[in-house]
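Novice: This is the structure I want to talk about, given as structure tokens.
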């Protein structure tokens with residue numbers, strides 16, 4: 001049985017814990033605490049990627065989800081004293097407008113709001129509607145006195161409030177579901193094994209990467225015997241996409257090209273054998289930790305399993321049914337045999 005209450009509570013804590021690219025320590029520490037409480041030993045790469053292992057022996061497969069989220073960085077000050085900022089990760093300025101945020105300074109934190117330069121209709125009238133939506137036209141209104149505002153400097157990281165809502169009908173709306181929902185599914189799958197006392201026959205390395213949003217999350221840290229990598233991330237809903245809110249998604253390609261076909265078919269077969277609601281999909285403008293691993297030169301076969309996500313990198317929405325299906329697929333994958341290498345038979 002999948003502990004959905006644990007999944008939801010873990011997800012809520014994760015999205016409310018700031019972890020923009022460049023400052024992920026709090027989310028990493030909480031994830032490590034949860035893993036240790038389940039009985040898993042934890043370790044870190046030199047760059048700070050958290051990882052653990054399930055099963056005994058040298059890991060033959062790896063699963064990866066990323067703890068980092070979109071954010072921003074202070075780049076200067078305007079004549080009025082308000083900080084300018086730039087996005088960290090692929091994030092449209094229109095979704096930053098009006099966001100509540102925290103500036104993480106060298107000496108502490110300061111709250112604020114990201115606003116367009118012309119934010120008041122009473123002052124600028126219709127110019128509010130015609131101002132272009134881009135990062136050059138944004139600034140941070142700091143909720144601090146003049147002395148406190150001086151603590152904000154170039155290079156300070158800006159964390160965006162998640163403002164999560166867990167609705168009674170199963171929908172979950174929040175910023176940063178990408179990929180903290182994937183992390184919550186992975187942690188819940190590990191809890192399933194910890195609670196049952198079961199250990200998979202094929203040892204697996206579990207990776208929680210910290211820089212996927214800037215394209216380098218899955219570039220390092222895999223064990224030398226790892227031959228399969230399954231990235232856990234979001235699947236895009238919308239026109240032309242098969243991904244839907246009541247199912248897990250098995251991805252067959254992203255913008256970097258096809259995933260390993262035998263692995264993708266293996267995931268589909270696991271869904272069919274375990275009655276896991278699922279769809280097959282492809283993504284045109286998307287990459288994940290698996291792409292980063294391949295581009296870094298790792299000799300690893302890759303796949304991608306997803307939860308549904310509407311308005312990715314904006315005001316995101318998923319559903320508990322999709323998270324449940326994905327968690328069940330993760331469990332089934334960890335329990336399964338390795339996918340035969342090309343040119344061999346199972």
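Novice: For the structure I just gave you, tell me whether residue 98 is under 30 Å from residue 288 (Cβ atoms), surrounded by fewer than 13 Cβ atoms within 10 Å (Cβ to Cβ) and without any contact (Cβ under 8 Å) to a residue 24 or more places away in the chain. Break it down stepwise before answering.
Specialist: Working: under 30 Å from residue 288 (Cβ atoms): yes; surrounded by fewer than 13 Cβ atoms within 10 Å (Cβ to Cβ): yes; without any contact (Cβ under 8 Å) to a residue 24 or more places away in the chain: yes.
Considered against the rule, which asks whether it is under 30 Å from residue 288 (Cβ atoms), surrounded by fewer than 13 Cβ atoms within 10 Å (Cβ to Cβ) and without any contact (Cβ under 8 Å) to a residue 24 or more places away in the chain, residue 98 comes out as yes.
Novice: Residue check, residue 335 against (1) surrounded by fewer than 24 Cβ atoms within 10 Å (Cβ to Cβ); (2) touching a strand residue (DSSP E or B) at 6+ places or on another chain (Cβ under 6 Å), all met but one. Which one?
Specialist: (2)
Novice: Residues to consider are 89, 48, 22; find the one that is over 30 Å from residue 341 (Cβ atoms) and in the same structural domain as residue 109 (by TED's automatic domain parsing). Talk me through it step by step, then tell me what you get.
Specialist: Working: 48 fails: in the same structural domain as residue 109 (by TED's automatic domain parsing); 22 fails: in the same structural domain as residue 109 (by TED's automatic domain parsing).
Among 89, 48, 22, only 89 is over 30 Å from residue 341 (Cβ atoms) and in the same structural domain as residue 109 (by TED's automatic domain parsing).
Novice: Test of understanding: among 238, 217, which residue is surrounded by 19 or more Cβ atoms within 10 Å (Cβ to Cβ), touching a residue at least 24 places away in the same chain (Cβ under 8 Å) and either under 30 Å from residue 93 (Cα atoms) or in contact with a strand residue (DSSP E or B) (Cβ under 8 Å, 6 or more places away or on another chain) (or both)?
Specialist: Values: 238 fails: surrounded by 19 or more Cβ atoms within 10 Å (Cβ to Cβ).
Unique residue meeting the criteria: 217.
Novice: Give region 218-236 a look and list any residue that's under 17 Å from the mean Cα position of the chain (by Cα) and either within 21 Å of residue 308 (Cα to Cα) or assigned to a strand (DSSP E or B) (or both), or say none.
Specialist: 229, 230, 231, 232, 233, 234, 235, 236 - these are the residues of region 218-236 that are under 17 Å from the mean Cα position of the chain (by Cα) and either within 21 Å of residue 308 (Cα to Cα) or assigned to a strand (DSSP E or B) (or both).
Novice: Could you list all residues from region 293-305 that are touching a helix residue (DSSP H, G or I) at 6+ places or on another chain (Cβ under 7 Å) and crowded, with 21+ Cβ neighbours inside 10 Å? Break it down stepwise before answering.
Specialist: Step one: list which residues in region 293-305 are touching a helix residue (DSSP H, G or I) at 6+ places or on another chain (Cβ under 7 Å), which gives 300-305.
Within region 293-305, 301, 302, 303, 304, 305 meet the criteria.
Novice: What's the number of the condition residue 133 fails, among (1) surrounded by 15 or more Cβ atoms within 10 Å (Cβ to Cβ); (2) in contact with a strand residue (DSSP E or B) (Cβ under 8 Å, 6 or more places away or on another chain)?
Specialist: (1)
Novice: Anything in region 270-292 that is free of Cβ contacts under 8 Å to residues at least 40 places away in the same chain, over 18 Å from residue 212 (Cα atoms) and loosely packed, with under 14 Cβ neighbours inside 10 Å? List them, or say none.
Specialist: Those that are free of Cβ contacts under 8 Å to residues at least 40 places away in the same chain, over 18 Å from residue 212 (Cα atoms) and loosely packed, with under 14 Cβ neighbours inside 10 Å: 272, 275.
Novice: Here is a further query. Quick check on region 36-43. Is at least one of its residues assigned to a helix (DSSP H, G or I) and at pLDDT 95 or above? Break it down stepwise before answering.
Specialist: If we filter region 36-43 for residues that are assigned to a helix (DSSP H, G or I), which is where we start, we get 36-37.
Keeping just the survivors that are at pLDDT 95 or above gives 36-37.
For region 36-43, residues assigned to a helix (DSSP H, G or I) and at pLDDT 95 or above: present.
The values are calculated or read from the model by the stated rules, or taken from the named source; none is laboratory data. In this text, all values refer to a predicted model and were calculated from it rather than measured experimentally. In this analysis, Cβ positions are derived from the backbone assuming ideal geometry, glycine residues included, and neighbour counts consider all displayed protein chains.
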